[in-house]
1. Determine, yes or no, whether residue B:135 is in a loop (DSSP other than H, G, I, E, B) and among the aliphatic types (A, V, I, L, M).
2. In region A:49-69, which residues are crowded, with 18+ Cβ neighbours inside 10 Å and under 17 Å from the mean Cα position of the chain (by Cα)?
3. Among the numbered conditions (1) farther than 19 Å from residue A:168 by Cβ; (2) within 14 Å of another protein chain (Cβ to nearest Cβ); (3) modelled with pLDDT under 95, tell me where residue B:152 comes up short.
4. Name every residue in region A:127-149 that is free of Cβ contacts under 8 Å to residues at least 40 places away in the same chain and at the interface with chain B (Cβ under 10 Å from one of its Cβ atoms), in order of residue number.
5. Is it fair to say residue B:86 is over 21 Å from residue B:130 (Cα atoms) and surrounded by 13 or more Cβ atoms within 10 Å (Cβ to Cβ)?
6. Take residue A:44 and decide whether it is open to solvent by less than 50 Å² (accessible area, probe 1.4 Å) and within 18 Å of the chain's Cα centre (by Cα).
7. When you check residue B:72 against the structure, is it open to solvent by 30 Å² or more (accessible area, probe 1.4 Å), over 30 Å from residue A:163 (Cβ atoms) and either part of a helix (DSSP H, G or I) or not assigned by TED's automatic domain parsing to the domain that holds residue B:199 (or both), yes or no?
8. Among (1) away from chain A (no Cβ under 13 Å); (2) without any contact (Cβ under 8 Å) to a residue 24 or more places away in the chain, which single condition is residue B:80 missing?
2 protein chains.
Amino acid sequence: MIKAVLFDTFGTIVDWRSSVAREGASVAAQKGVADFDGDGFARAWRAGYRPGMARVTSGERSWVSIDVIYSERLDEILPQFGLPMLDEAERDHLNRAWHRLTPWPDSVPGLKRIKSKFLISPLSNGSVVLLSTMAKRAGIPWDFIFSSDMHRAFKRNPVVYQNAIRLLGMAPDEIMMTAAHNDDLEAARKEGMRTAYINRPTEYGIDQTVDFEATSDWDIIADTVEGVADGLDCPQL
Amino acid sequence: MIKAVLFDTFGTIVDWRSSVAREGASVAAQKGVADFDGDGFARAWRAGYRPGMARVTSGERSWVSIDVIYSERLDEILPQFGLPMLDEAERDHLNRAWHRLTPWPDSVPGLKRIKSKFLISPLSNGSVVLLSTMAKRAGIPWDFIFSSDMHRAFKRNPVVYQNAIRLLGMAPDEIMMTAAHNDDLEAARKEGMRTAYINRPTEYGIDQTVDFEATSDWDIIADTVEGVADGLDCPQL
């Protein structure tokens, strides 16, 4: 019997690409940068995410939070997008765009339904401040927050799933992992967790090469968080 | 400038004594135990809390969550309260009385006001499951949860406060610790945090020997969470 449902956030719950594109475009407009490619900016920024985490996971560098990884990547890409003039305060504000991401339209209604039956939490590579600020701003009703900086590890490191199971004091199959990424669910299943896949085929826009569909027989396969709520027999509110 | 306000929970936010007394009395009535002393039962159970944590903090035993400490103490005291006949499932349900504690009347209204200006979280010796179940049931609107099992340490171990500061990525004096216990605030102040004291003179009932008043010049001294909200200039909602 499932007792807790955990969620990937970037891509699964929130639409990082349009949120970050919008904030980048707003800064570019303030600075008088013409022909700013907001969507390309968001994709270029996000492209530093996996390599940045990989350096931590491989042990090449010691623990840093995702906020640091995003900030270093931002410094890298600002010149090519016409924004090398941003000062420290402006960079810091822009970096916090990742704290202000907007949920997909189905996310909050679906999470409220799932919350009515189960404990819900992110199991995310975000930091606790990122995830709680995002939730507060967007009305995401988490019961608690599992952040990468609590685990001091990033997914898909098995330690993240193992820590979550240990902290919950539940049998692994009493916990469901929900993600728009097949490899995230694969890692969760390896630890004995139940799995729910949400198809988000527009997450990466023109950069998307995988996760157009479920590549395994996950316990639930859906197109929205509401679909996961249906699969878990959660009532309409 | 304060950015996050953390709260002790047992005694500060919830009234453990009357909640546990009520649940004990209900079980005793079901079992036909006459003259059950609910208040004495709650106080006797709670009396195992500090010694139980002390054995972990001193290194005498390795990490166990507060749920285990409460469960072991329950086994110890059931015979003297006429309830040695409880089976494992009944003991487990009763042990989870600590997940179902009722807030003081001022707690939820005060927390909602504080939440409107700051990130709010428990900094508690409870487990994540205890704290999230309690919050969900009682409508306590935490932004996130810091539990002892995330830190793998109990207050007043300095590690707990240091971990919280590190996870928040804030300067220590951007974080306020709120508690009904002077020694909790003393430990927080040692790490550079701001402090708010709430007077809860009936917390322990006839067993109370300390914390009838603030014993230092804490940044805020109040009788309720609403009083702390006033001290932080949080608007009425």
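The values are calculated or read from the model by the stated rules, or taken from the named source; none is laboratory data. Here the structure is a predicted model, which is why all the values come from computation and not from measurement. Ideal geometry is used to build each Cβ from the backbone, glycine not excepted, and the neighbour counts take in all protein chains shown. We work out accessible area using only protein heavy atoms, side chains counted, and drop any ligands, DNA or RNA first. Shrake-Rupley method; radii C 1.70, N 1.55, O 1.52, S 1.80 Å.
1. Here the answer is no, as residue B:135 does not meet what is asked.
2. Once the filter is applied, which keeps residues that are crowded, with 18+ Cβ neighbours inside 10 Å and under 17 Å from the mean Cα position of the chain (by Cα), region A:49-69 yields A:49, A:52, A:53, A:65, A:66, A:67, A:69.
3. Tallying (1) farther than 19 Å from residue A:168 by Cβ; (2) within 14 Å of another protein chain (Cβ to nearest Cβ); (3) modelled with pLDDT under 95, residue B:152 fails exactly one: (1).
4. A:128, A:132, A:133, A:135, A:136, A:141, A:142, A:143, A:144, A:145, A:147
5. yes
6. Taking the combined requirement at face value, the residue satisfies it.
7. no
8. Exception for residue B:80: condition (2).
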